[in-house]
Amino acid sequence: MDPQDRRTESDGVAIGSATAAQPAAQLDPDGSLPLSGLPLAPVPDRVDPTGIMFRGAPRTQRGPAMPYSITQRELVWADNLPELIERAKRRQWNATTDIPWAAGQNEIHPAYTEAGIFLSTQVVDEARHVEAFLKRLYLNGVGLREVSPGTESSIKGLLMQEDFARASFLLHVLGEGTFTDLFHLLIEISPDEATRQIMVRSLEDEARHVAYGVGRLRTQLSGQKDPDLLGQQFVEALEGRLSFTYEVSGLPPQVQEALAILAGGGRSPAAQGRGVPRIRQFIAELNESRKRRLLQAGFSEQVAEHISQLHVRSSGGLM
Ligand SMILES: [Fe+2]
Ligand SMILES: [Fe+2]
């Protein structure tokens, strides 16, 4: 193939800071919104192994390098994926209630299988969140906004964690803990009923993920003579994350601004006078509930405070 013919994400689709208005999502006549109703960027033939965001998000600089090995369309894409996604959602079944279990009671489970089952439900939950939030982005013709390098590098710090207990701590306890608080706030300040429903349903999913993380951590800490000694390992994980993440402090300014506009009900000075203090209060609430979760899990006040501060520095308070 001639190199000129190769379309890659970095040279063909996404570099540039322009954020022109995009066509709005096309609802089906019955009011439903399949992925095929979104004006998504074309699927690139090849992509550079960089970046963490969905295809087509405008960016002014290259994303962080990532160890992706599947970077060609022909290796992974199928044209019937949109249809298969819809079919998979229509045909979900519940292994608790949809099988006549009494008719065949002879299963033997390997140890800890339940954890794998739970985590697989989380994967399905997160796929649903990506889908719902992508649809919400395009619903009114806004689409993807510019990628924040700080957010992207902090997510990389999370993805690169290989130790399960530390990864679960960073994701289930700290990252998803923040998102439950964020979704609580968004339920309060949602501009419309569709958005509110997305937040209500996503909150319920995230609350399960956090409950697993805190429960797992409590189990782990309860087996320790000195829980804070284990806390030190998590502190090291956070410090390790800081070493390859741009240090970001507090919620990203674009996120704060958007939340303040929603909370105040607009961009006027009067609306800002309502929105900005509400978001300042929310940031204080975020820090309090993070510490509360850490104390509930069994850390001392001092370690909870230290971990909480490191999390804000390595993640911008988010993931
Ligand atoms: Fe999620
Ligand atoms: Fe989650």
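The values are calculated or read from the model by the stated rules, or taken from the named source; none is laboratory data. All values derive from a computational prediction rather than experimental measurement. Positions of Cβ are backbone-derived with ideal geometry, glycine not excepted, and every protein chain shown enters the neighbour counts.
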Next on the checklist: Regarding region 246-263, can at least one residue be identified that is charged (D, E, K, R), farther than 25 Å from Gly150 by Cα and surrounded by fewer than 19 Cβ atoms within 10 Å (Cβ to Cβ)?
Outcome noted: no
Checklist entry - Does Leu259 qualify as being closer than 26 Å to Ala165 by Cβ and out of contact with any Phe, Trp or Tyr (no Cβ under 6 Å at 6 or more places or on another chain)? => result no
Checklist entry - Restricting the first residue to region 123-143 and requiring it to be within 16 Å of ligand 2 (Cβ to nearest atom), which pairs with a second residue that is assigned to a loop (DSSP other than H, G, I, E, B) meet a Cβ separation below 7 Å and a spacing of at least six or different chains? => result Leu134/Leu38; Leu134/Phe54
Checklist entry - Is there a residue in region 185-193 that is part of a helix (DSSP H, G or I) and within 14 Å of ligand 1 (Cβ to nearest atom)? => result yes
Checklist entry - Looking only at region 207-234, which residues are more than 22 Å from Glu162 (Cα to Cα) and within 16 Å of ligand 2 (Cβ to nearest atom)? => result Ala207, Arg208
Checklist entry - How do the pairs read when you match residues in region 288-316 that are surrounded by 17 or more Cβ atoms within 10 Å (Cβ to Cβ) with residues anywhere that are in a helix (DSSP H, G or I) and basic (Lys, Arg), using Cβ under 7 Å and keeping only pairs 6 or more apart or on different chains? => result Ala297/Arg218; Gly298/Arg218; Ala304/Lys291; Ser308/Arg290; Ser308/Lys291; His311/Arg290; Ser314/Arg241
Checklist entry - So, of the residues in region 42-100 that are touching a residue at least 40 places away in the same chain (Cβ under 8 Å) and among the hydrophobic types (A, V, I, L, M, F, W, C), which turns out to be farthest from Leu134 (Cα to Cα)? => result Met66
Item to check | Check on Leu318, in the same structural domain as Ser190 (by TED's automatic domain parsing) and modelled with pLDDT under 90 | outcome: yes
